[in-house]
1. Residue by residue through segment 151-163, which ³J(HN,Hα) values in whole Hz follow from phi under the Karplus form 6.51 cos²θ - 1.76 cosθ + 1.60 (θ = phi - 60°), with glycine and proline marked x?
2. Using the Karplus equation 6.51 cos²θ - 1.76 cosθ + 1.60 (θ = phi - 60°), what ³J(HN,Hα) coupling, rounded to whole Hz, does each residue of segment 73-83 give in order, writing x for Gly and Pro?
3. Give me a comma-separated list of calculated 3J(HN,Hα) values for segment 131-141, in order, Karplus coefficients 6.51, -1.76, 1.60 applied at θ = phi - 60°, integers in Hz, x for any Gly or Pro.
4. Can you pull the one-decimal nm distance between simple spin-label points at Thr90 and Glu132, each 7 Å off the Cα toward Cβ?
5. Test of understanding: ordering Ile263, Ile154 by Cβ neighbours within 10 Å, fewest first, what list do you get?
6. Could you pull out the pairs from Lys156/Lys195; Lys87/Lys144; Lys51/Lys155; Lys33/Lys144 whose alpha carbons sit more than 22 Å apart here?
7. Select from segment 80-138 those chymotrypsin sites (Phe, Trp or Tyr not before Pro) which occupy a DSSP coil region and have at most 13 other Cβ atoms within 10 Å, ordered by residue number.
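Laboratory data are not the source of any read-out in this text; all were calculated from the coordinates shown. Since we're looking at a predicted model, the values are computed, not measured. Ideal geometry is used to build each Cβ from the backbone, glycine not excepted, and the neighbour counts take in all protein chains shown.
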Amino acid sequence: MIKKEHKKYTLMSDQVARILFKNSQVALELSDKIVSEVLHIDYNHVIKNIKLSSDDVVFNVLNVDSRTDLKLESDTFYVDIEICYTKGTTRQRQTDSYVYQLYLGQIFKSEDYKNMKKVVQIMIENYDFFHENKFIYDVVFMEKNTHLVESEFIKKYHINLAKLKNVSYNSIRKEENILKKILYMFVCKEDELEKAYEGDTFMEKVVKEARTIAGFEDVPLYFESEEEIKRLDIEEARQHGIEESKKETIMNMLKDNVDLSIISKYTNTSIDQIKEIIENNS
């Protein structure tokens, strides 16, 4: 069991993030907000036009095991969101490869170039990648001396969460920058997390859902070392998240007066189990 003496929430581990974004509707709304703020696209447009590109956040184009934390897709571009706990060469090469795979995976014949989608990668990092003390770095391919942009088809954004580490929760409550406000949860002091989002209905839901999916209601989701991350039983958390998502789906179908036999068929749940869920949620 993980000890409770940690003083800070630090950046979420990749494993927990993947579970959270895959199984939680409120976390998908959070990703929509991130995309909206980073790319300066109207939030309602993002909700309507950008979706998870598959049931899972795994894609296999060139490599057998190519995993992104979250992959979204619209008619005109892909968005790969990565949460990076520690800076390392291997991790950097992996995330770079995801961008190229999304780009090259669209090309099978010459005419495919006409319908190429832009590829955008958003790196949410627990460190300052360029050491320039900026919150967001906007990266494109360009000529070294003239700084002329070569192509807009691949873009990267590095978000520096380290810049928020010394910000007080009172300051963040007054912050007008929505992106800073919603990402502050990753670096907020443990005993101030609820205070930071008190009265913010959406972020209160995000924090609650994150705790539930991680499977540790009263223990921090975020850790101060990779060794402690390994102590989290990821499989147990994953199963818990899936079950909670299934229960939510069943309850929503019941509200729409869907017949029990149909609910049973499409959720792979027995009638008796459904009745038990109804009883426990009544």
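1. Coupling constants for segment 151-163: 8, 9, 6, 10, 10, 10, 10, 9, 9, 8, 5, 4, 5 Hz.
2. 8, 10, 6, 10, 7, 9, 10, 10, 9, 10, 10
3. Going residue by residue, I get 6, 10, 6, 9, 7, 10, 10, 9, 10, 9, 7 Hz, with x marking Gly and Pro.
4. For Thr90 paired with Glu132, the spin-label model returns 3.0 nm.
5. Lowest count first: Ile154, Ile263.
6. Lys156/Lys195; Lys87/Lys144; Lys33/Lys144
7. Phe108, Phe130
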